[in-house]
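First comes the structure, then the notes that go with it.
What follows draws every value from the coordinates through simple rules; no lab data is involved. Note that this is a predicted model, so its numbers are computed, not measured. Cβ atoms come from the backbone with ideal geometry, glycine included; neighbour counts cover every protein chain shown.
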Amino acid sequence: MNPPIFRFAPSPNGRLHLGHAYSALLNQRLADAAGGRLLLRVEDIDTTRCTPEFEAGIFDDLHWLGMRWEEPVRRQSEHFSGYEQSLRRLMDENLVYPAFMSRGEMRTYIVEQEASGKNWPRDPDGVPLYPGLDKALSEKKRTALIDEGRPFAWRLDMAAALARIGRPLAWTEFSADDLSVLNQVEARPQDWGDVILARRDTPTSYHLSVVADDALQGITQVVRGLDLFAATAVHRVLQELLGLPAPLYHHHRLILGPDGRKLSKSLRDTGIATLRGNGAAPGDIRRMIGLDPF
């Protein structure tokens, strides 16, 4: 039986904070307990905000925390062509469409709908669902808009995708205390509407690239924060459409800031580099996040 494979996948758009430290160290602990492997993946598809300096800082913080991972590290920005192939497959099956509404146009449309008494649906993060009016455009009109340089995003036609799958979806959640304790969770991808899978200038999105990479790297256990719990439903849809295996998931608690909100990379007082500079040791970080020393 092959050993389980875990991964920690930060985005180098800032330095690590205590929440990242918890996720990284929990992945390490679970991988060690299961006799498994741990991979590091750099999720840097946002080439504007992600920088080599932030990546180097992340590596430095992880080494200081005592993390170990297998080489080579996979950088998503080096594999855009692979994600584009996945997108092309969905395009060929008429499961995605170019969406041309800007945020302002979308906001105006939804305000008008709500003013007329319609309760506009929102996704689990509270964002209004995309109206999807573009789906009625003819192929000729779509091509003309693209050719004239109109900004657009490729969105998944969720209704068509779910019709293609034709059955309810779920994912398997495992316990961090006992990896053999498994629970089935109902997936509700319809709650997310027509999610973005790529943009005109970036041939992928988080949803598409993470699903492709988890399959390509043979990830069997995904350990990540509760803030991504509901989004797993989108990942299950893409796994089914692309014929990819579904890993087991564990969505861990979040480390919250003094205001009770999820930590942000802008909160420097919870940044690992800042804490190190103030004299903290790796053991102090583990105690701060509620993990006993290894």
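Can you compute the helix-only [θ] at 222 nm over the chain? Use -39500 (n - 2.57) per DSSP H run of at least 4 residues, normalise by all residues, nearest 500 deg cm²/dmol.
Details: 10 runs with 108 residues, N = 294.
Counting only the DSSP helices, I get -11000 deg cm²/dmol.
Determine the dipole magnitude for region 30-132: charges of +1 sit on the beta-carbon of Lys and Arg, -1 on that of Asp and Glu, nothing else is charged, the reference point is the Cα centre, and the result goes in debye to the nearest 20. Show your work: numbers first, answer last.
Numbers: 12 positive and 19 negative charges, 63 e Å.
Roughly 300 debye for region 30-132.
Over every pair of different alpha-carbon atoms in region 80-212, take the mean of 1/r and invert it; report that Kirkwood radius in Å. Let's see the in-between values first.
Numbers: mean 1/r = 0.0595 Å⁻¹.
Taking the inverse mean of 1/r over all distinct Cα pairs, region 80-212 comes out at 16.8 Å.
Identify, among T143, W154, V127, the residue whose Cα sits farthest towards the positive end of the charge dipole of region 80-212, taking +1 on the Cβ of Lys and Arg and -1 on the Cβ of Asp and Glu, with the dipole about the Cα centre.
T143
Which value, in debye to the nearest 20, describes the size of the charge dipole of region 100-196 about its Cα centre when Lys and Arg Cβ atoms bear +1, Asp and Glu Cβ atoms bear -1, and nothing else is charged? Intermediate values should be presented prior to the final figure.
Values: 13 positive and 16 negative charges, 108 e Å.
For this selection, approximately 520 debye.
Of W64, N278, Q28, which is farthest on the positive side of the dipole of the chain, counting Cα position, with +1 on Lys and Arg Cβ, -1 on Asp and Glu Cβ, and the Cα centre as origin?
Ranked along the dipole, the leading option is N278.
Give a residue-ordered list of calculated ³J(HN,Hα) values for region 240-254 (Karplus: 6.51 cos²θ - 1.76 cosθ + 1.60, θ = phi - 60°; whole Hz; x for Gly, Pro).
Result, rounded to whole Hz: 5, 5, 9, x, 9, x, 9, x, 7, 10, 9, 9, 8, 4, 9.
Taking every DSSP beta bridge with both residues inside the chain, roughly what % is antiparallel (nearest 5)? Write out the running numbers ahead of the final one.
Numbers: 16 of 29 bridges.
Here the antiparallel bridges make up roughly 55 percent for the chain.
Could you give the dipole magnitude of the chain about its Cα centre, charging the beta-carbon of Lys and Arg +1 and that of Asp and Glu -1, in debye to the nearest 20? Can you show the working numbers first?
Values: 36 positive and 39 negative charges, 47 e Å.
Here the size comes out at about 220 debye.
Where does each of W120, W64, W171 land when they are ranked from fewest to most other beta-carbon atoms within 10 angstrom? Could the numbers behind the result be given before it?
Working: W120 13, W64 16, W171 20.
By the 10 Å Cβ count, ascending, the order reads W120, W64, W171.
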